[in-house]
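First up is the structure itself, then whatever we jot down about it.
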Amino acid sequence: MNTKKNQYMPLIYFTITLLASFMQGTVSADEWQPASTKNGVQTFLRSVEHSKYKAVRGEAVLPVNVAKLVAVINDAPACPEWADLCAESYIQQQPSAREAFIYTRNDMPWPVKDREVLAHLTWSKNAEGQVTMQSTAVADEIIRTTAKQKNIVRIARANASWQFTPLEDGNTHTIFEIHMDPNGAIPGWLLNRLIINSPFTTFESLTRQANKAKYGDAELPF
């Protein structure tokens, strides 16, 4: 396998670029346990019923407005520009400005097989301007067949969410949550990179991407 890109994941989207109702209601929010704090980013972990993998939450204030952050998340083809391991991403279907089905393929370090996911994204906005995105992996037989031919592992269980709350100074209070089953053995060091440590570099790379000139005039699409 070729040398892998060292960028960073959102969601995993996954990325991805994996990466709910968050956690599909299996655990309550009061079960989050503090994990670590670095460069203004706080992380939390919690167990998820019927899963050996923990859910991760990151929280920070980002020096960028909500519209730009939403624009980056919605810009699927730009995923490789900022999302760790993201090799390709595109909108498979977009029923409305508040809903989309996004395909993402993640280029994993050798000897781990590449992963792919089809995520159903939904957006909502409340009266105070807080914007929330929910992402859940969905089944798709065409992608499953393609994955088998490419020798790529299909991620079938992944949930993620973004919450952007505008602040009076123009910054954004941001919360990122993710839980996923990588569908196969992954070394602990890689799982840490993809999940446990993801909020730290995700917030940094998201902010850097959002400040690019192409998002300068971004407006909320809903």
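General remarks:
- Filter result (within 17 Å of the chain's Cα centre (by Cα) and not aromatic (Phe, Trp, Tyr)) within region 38-60: Val41, Gln42, Thr43, Leu45, Lys54, Ala55, Val56, Arg57, Gly58, Glu59, Ala60
- Residues within region 60-104 that are open to solvent by less than 30 Å² (accessible area, probe 1.4 Å), of a type in the set (Gly, Ala, Ser), modelled with pLDDT of 95 or more and farther than 14 Å from Leu118 by Cβ, tallied: 4
- Region 194-222 residues that are at negative phi, paired with ones that are of a type in the set (D, E, K, R) (beta carbon under 6 Å, 6 or more apart): Phe200/Lys38; Ala210/Lys68; Tyr215/Lys68; Ala218/Lys68; Phe222/Arg98
- Scan region 175-185 for residues that are over 21 Å from Ala71 (Cβ atoms) and either among the acidic types (Asp, Glu) or loosely packed, with under 15 Cβ neighbours inside 10 Å (or both) and the total you get is 3.
- Residue within region 109-122 that is in a strand (DSSP E or B), farther than 19 Å from Thr174 by Cα, open to solvent by 40 Å² or more (accessible area, probe 1.4 Å) and among the acidic types (Asp, Glu) present: no
- Set Arg144, Arg208: member being among the charged types (D, E, K, R), over 25 Å from Phe101 (Cβ atoms), open to solvent by 50 Å² or more (accessible area, probe 1.4 Å) and not in a loop (DSSP other than H, G, I, E, B): Arg208
- Of all the listed residues (Ile186, Ile143, Ile178), the sole one being within 16 Å of the chain's Cα centre (by Cα) and of a type in the set (A, V, I, L, M) is Ile178.
- Qualifying residue in region 190-205 (condition: open to solvent by less than 30 Å² (accessible area, probe 1.4 Å), within 21 Å of Gln130 (Cα to Cα) and in contact with a Ser or Thr (Cβ under 8 Å, 6 or more places away or on another chain)): yes
- Scanning region 147-174 for residues that are under 15 Å from the mean Cα position of the chain (by Cα) and open to solvent by less than 60 Å² (accessible area, probe 1.4 Å) yields Ile155, Ala156, Ala158, Asn159, Ala160, Ser161, Trp162, Gln163, Phe164, Thr174.
The values are calculated or read from the model by the stated rules, or taken from the named source; none is laboratory data. Predicted, not measured: the structure shown is a model, and the values here were computed from it. For neighbour counting, all protein chains shown are included, and Cβ atoms are generated from backbone atoms with ideal geometry for every residue, glycine included. The area values use the complete protein model at the heavy-atom level, side chains included, leaving out ligands, DNA and RNA. Shrake-Rupley method; radii C 1.70, N 1.55, O 1.52, S 1.80 Å.
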